[in-house]
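Heads up: the structure comes next, in structure tokens.
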Amino acid sequence: MNPEPVSSTSRTPDPALAELERLRGSIDNIDAALIHMLAERFRCTQEVGQLKARAYLPPADPSRETRQIERLRQLARDAHLDPDFAEKFLAFVIHEVIRHHEAIAANARKASEA
Ligand SMILES: C=C(O[C@@H]1C=C(C(=O)O)C=C[C@H]1O)C(=O)O
């Protein structure tokens with residue numbers, strides 16, 4: 001048998017539910033901003049990918065990544081955000097960008113062979 005739930009909305013005071021709704025509204029706005037910022041970042045990185053393919057530059061640039069990680073870790077510390085989380089997030093995004101750059105380069109090679 002399932003135990004009694006620790007809390008249920010029928011016992012939760014209205015002001016707490018109203019505050020939860022207000023905070024969730026802010027979270028939804030922030031999530032929307034994050035998605036728009038990420039889309040803008042990927043638009044830029046797609047252009048970088050095209051430029052690199054045209055100029056025969058490699059998809060990844062580890063020295064640039066090292067500088068970005070240090071910069072982001074400092075920004076995170078200043079903002080009281082866990083720098084390890086900031087680094088993991090950046091690594092996750094950059095990994096995807098490099099995958100796109102590799103695909104762009106492969107397509108460019110195929111097109112030049114055709
Ligand atoms: C966008 C670039 O390509 C790659 C992706 C990066 C990124 O997403 O910030 C950074 C370095 C590169 O590994 C770049 O070289 O600037």
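Every number in this text was worked out from the coordinates using simple rules, so none of it is lab data. Note that the structure is a prediction, hence the values are computed from the model and not measured. Positions of Cβ are backbone-derived with ideal geometry, glycine not excepted, and every protein chain shown enters the neighbour counts.
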Next on the checklist: Net charge within 12 Å of PHE42 by Cβ-Cβ distance, Lys/Arg positive one each and Asp/Glu negative one each, not counting PHE42 itself?
Outcome noted: 0
Checklist entry - Which ³J(HN,Hα) values, rounded to whole Hz and listed in residue order, are derived for the stretch 83-99 from phi using the Karplus coefficients 6.51, -1.76 and 1.60 in 6.51 cos²θ - 1.76 cosθ + 1.60 with θ = phi - 60°, glycine and proline given as x? => result x, 5, 5, 4, 5, 4, 5, 4, 4, 4, 5, 5, 4, 5, 4, 5, 4
Item to check | On Cα atoms only, tilt of 14-54 relative to the major axis of the chain in degrees | outcome: 0
Next on the checklist: Angle check, please: helix 62-78 long axis (alpha carbons) against the longest principal axis of the chain (alpha carbons), in degrees 0 to 90, nearest 10.
Outcome noted: 20
Checklist outcome for this item: What one gets for the chain as the Kirkwood radius, inverse of mean 1/r over different Cα pairs in Å, is 18.0
